[in-house]
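Working notes, beginning with the structure itself.
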Amino acid sequence: MNPDVVYLGVDVSKDSLDVCFLSESFTLPYTNAGLRKLLARIAKHAVPVHVICEASGGYDHPLTDALHEAGVTLSAVNGARVRDFARASKLRAKTDRLDAAVMVHYGTAMHPAPTPKPDPATRRLALLITQRDSLVANRAGYKTRLLQISDRFLCEQTKRCIAHLSKEIAKLEEMMRKVTAESSILSQKSARLDQVVGIGWRSALCLCAQMPELGSLNRREAASLAGVAPFNQDSGRWRGLRRICGGRSPVRRTLYLACLSAVRTNAILKTFYQRLRAAGKPAKVALTACARKLIVLLNAALKNPQMSLA
């Protein structure tokens with residue numbers, strides 16, 4: 001335990017913050033006034049405070065933004081890891097206040113790395129991409145239903161819905177390009193990624209927004225964070241199949257779709273894919289291996305701008 005740091009756990013809900021600090025539990029409204037009260041409590045403490053909260057995909061943003069603005073160290077951690085830690089510690093009961101206390105124990109035992117302040121343009125691009133992906137999925141659903149509809153009225157209505165969604169998707173893509181162009185960081189990174197054969201502009205923007213760490217990782221970290229690192233399944237003399245798990249599913253999906261094109265057009269990945277298939281590997285296993293090779297290549301390309309991509 002580090003005596004120079006005090007951990008504070010926060011369980012974030014839609015309307016409230018459940019806080020555990022110095023063995024005291026209390027609840028604050030999740031409003032600007034509530035955030036100010038929390039910051040005031042932290043400021044009164046002489047020893048530096050490290051806040052632990054779950055990365056909840058949006059609910060945590062007002063809290064983390066306020067903490068970053070105040071210069072408070074924080075870690076927005078994976079909720080699954082905190083729950084696994086609680087089970088390993090035999091803490092089976094679950095309430096919001098108990099969750100906040102578990103985060104304090106988690107921070108004390110695991111010392112999670114601080115979460116850096118997010119780039120506003122990168123965060124906005126990620127929100128735009130999430131919205132676009134949602135509309136694309138809805139449009140695909142309407143297109144599937146259109147094939148099953150025989151009623152003329154419903155058929156025409158479905159076509160109008162598809163046309164409307166297509167227009168909205170185009171608007172989102174235009175805004176994605178605009179946000180990227182206005183950010184020197186995003187424009188440089190996306191331009192570099194776009195130089196890799198098989199990576200289109202949409203894939204480049206998705207990787208920039210959903211994996212902003214790309215370019216600052218080693219090869220193993222890049223593959224693991226993207227969810228394409230193979231994990232052993234061995235026990236004694238038994239050797240199980242290697243499987244991928246964890247990581248960021250949107251990044252993994254982007255890589256997989258990019259590889260469907262890259263194994264035909266990218267000389268490096270094409271040769272690698274054909275060698276794996278010739279060795280008897282199933283197509284999906286070979287594609288997954290190519291996805292891992294691709295994310296390692298992209299990470300290296302950003303890390304070394306002078307590296308040849310031929």
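A short reminder: the numbers here are calculations on the coordinates, not readings from a lab. Please read all numbers here as calculations on a predicted model, not as lab measurements. Cβ coordinates were reconstructed from backbone atoms using ideal geometry, including for glycine residues, and neighbour counts include every protein chain displayed.
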Fill in: Residues of segment 8-27 with amide N under 19 Å of a point placed 7 Å along Cα→Cβ from Leu91
8-13, 17-27
Item to complete: Give me the angle, in degrees from 0 to 90, between the Cα long axis of helix 32-43 and the longest principal axis of the Cα atoms of the chain, rounded to the nearest 10.
Response: 60 degrees
Discussion item. Distance cut-off 28 Å, Cα to Cα: go down the list Lys178/Lys293; Lys14/Lys303; Lys171/Lys303; Lys117/Lys189; Lys14/Lys117; Lys44/Lys90 and report the pairs above it.
Written reply: Lys178/Lys293; Lys14/Lys303; Lys171/Lys303; Lys44/Lys90
Worksheet item: Non-local amide H neighbours of His50 (under 5 Å, H modeled in plane, Pro and chain starts lacking H): which ones?
Response: Val6, Tyr7, Leu8
Worksheet, complete the sentence: Inverse of <1/r> over all distinct C-alpha pairs of the chain, i.e. the Kirkwood Rh in Å, gives 22.5 Å
Practice prompt. Note down the Stokes-Einstein diffusion coefficient of segment 6-110 in µm²/s, whole number, using a Kirkwood radius over alpha carbon pairs, 10 °C, and 1.306 mPa s.
Written response: 117 µm²/s
Practice prompt. Measure nothing but the geometry: give the 0 to 90° angle between the long axis through the Cα atoms of 267-278 and the longest principal axis through the Cα atoms of the chain, rounded to 10°.
Written response: 80 degrees
Discussion item. Quick check: Cα centre of segment 52-69 to Cα centre of segment 242-310, how many Å?
Written reply: 33 Å
Worksheet item: Could you give the angle, 0 to 90 degrees to the nearest 10, between helix 96-110's Cα long axis and the longest principal axis of the Cα atoms of the chain?
Response: 80 degrees
Discussion item. Please list, in order along segment 185-198, the HN-Hα scalar couplings obtained from phi with the Karplus expression 6.51 cos²θ - 1.76 cosθ + 1.60 (θ = phi - 60°), rounded to whole Hz, x for Gly and Pro.
Written reply: 5, 5, 5, 5, 5, 5, 5, 5, 5, 5, 6, 7, 4, x
Practice prompt. Using only Cα atoms, locate the centre of segment 76-94 and the centre of segment 12-44, then give the distance between them in Å, rounded to an integer.
Written response: 21 Å
Response to the item:
proj_area_mean for segment 216-310 (convex hull on C-alpha atoms), units nm², value 6.9 nm²
Worksheet item: When N counts the residues of segment 119-182, how does its alpha-carbon radius of gyration compare numerically with 2.2 N^0.38 Å, as a ratio?
Response: 1.39
